[in-house]
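Structure record follows, encoded as structure tokens.
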Amino acid sequence: MHIPDGPTSLLELVPFETALAQSQRPSPDYDISKWIFVPNHYTQYRYILGTRGDNPLVCVGINPSTAAPDSLDNTLKSVERIARYNGFDSFLMFNVYAQRATDPDDMERECNARLHRENMKAFDYALSLDKGGHPAIWAAWGTILEKRDYLPSCVRDMIEIGRARNARWYSAGKRSKKGHPHHPLYLRKDSALEPFPVEDYLEGLEVLGNQKRGTAGGF
């Protein structure tokens, strides 16, 4: 279990580019020729965890838990299996918000704008690793997107980055009644990826959110 020590605003955050440079140096803890791990040590937040390849599947959850190189949790083991089944040579686990918390209810109530900015730099980098020019993004955050009001806004920023990178969005498994993409845990290892209309999905969530709050504003 990982319970946050406190608000990420109290941390001395390592900028993504600095953390990326550090992750490219040899490590006694894991094989850097196989793994991408940014930051390259266990801390209160994580930008990217995954394997190296020319055709990665970028899986997007809500927030990181306890996984690390050579110590994947059940969710990431499922991500790795499904990526392989769908023809990808590697996977990258990314998250809408970078704060570690095994229970999403422990995520901070307010978005740390600096952490989010650095996380979006990480997302753009993850998409840049696809050699084919059309990176594949697997939306896999489940209904947990409703846990915090700032999470849909984070996804909207990701959509913009994905559009600039000519990205393709996918989901796997049955979607919820509100259209939320299925979480990777408990999916069959032979689950096929299907096109996911992420922009239409997010617009629908905004309408529901406005109705719930009785306002004309967005998330």
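Rule-based calculations on the coordinates, nothing more; no lab input. Just so it is clear, the structure is predicted and the values come from calculations on it, not from any experiment. Counting neighbours? That spans all protein chains shown, and the Cβs are built from the backbone with ideal geometry, glycine included.
Here is how the numbers come out for the structure above:
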item: Every pair of residues 6+ apart whose Cβ atoms lie under 7 Å, when the first sits in segment 69-92 and is in contact (Cβ under 8 Å) with a residue 60 or more places away in the chain while the second is among the acidic types (Asp, Glu) and assigned to a loop (DSSP other than H, G, I, E, B); result: Tyr85/Asp190
item: Selection count where residues are assigned to a helix (DSSP H, G or I) and aliphatic (A, V, I, L, M), scope segment 1-26; result: 4
item: Counted residues, segment 140-197 - those being surrounded by 16 or more Cβ atoms within 10 Å (Cβ to Cβ), hydroxyl-bearing (Ser, Thr, Tyr) and in a loop (DSSP other than H, G, I, E, B); result: 2
item: In segment 70-79, the residues that are under 16 Å from the mean Cα position of the chain (by Cα) and surrounded by fewer than 21 Cβ atoms within 10 Å (Cβ to Cβ); result: Leu72, Asp73, Asn74, Thr75, Lys77
item: Conditions (1) touching a residue at least 60 places away in the same chain (Cβ under 8 Å); (2) more than 18 Å from Pro181 (Cβ to Cβ); (3) out of contact with any Gly (no Cβ under 8 Å at 6 or more places or on another chain); number of the one not met by Thr43; result: (1)
item: The one condition in (1) outside any loop (DSSP other than H, G, I, E, B); (2) in contact (Cβ under 8 Å) with a residue 60 or more places away in the chain; (3) surrounded by fewer than 23 Cβ atoms within 10 Å (Cβ to Cβ) that Ala126 fails to fulfil; result: (3)
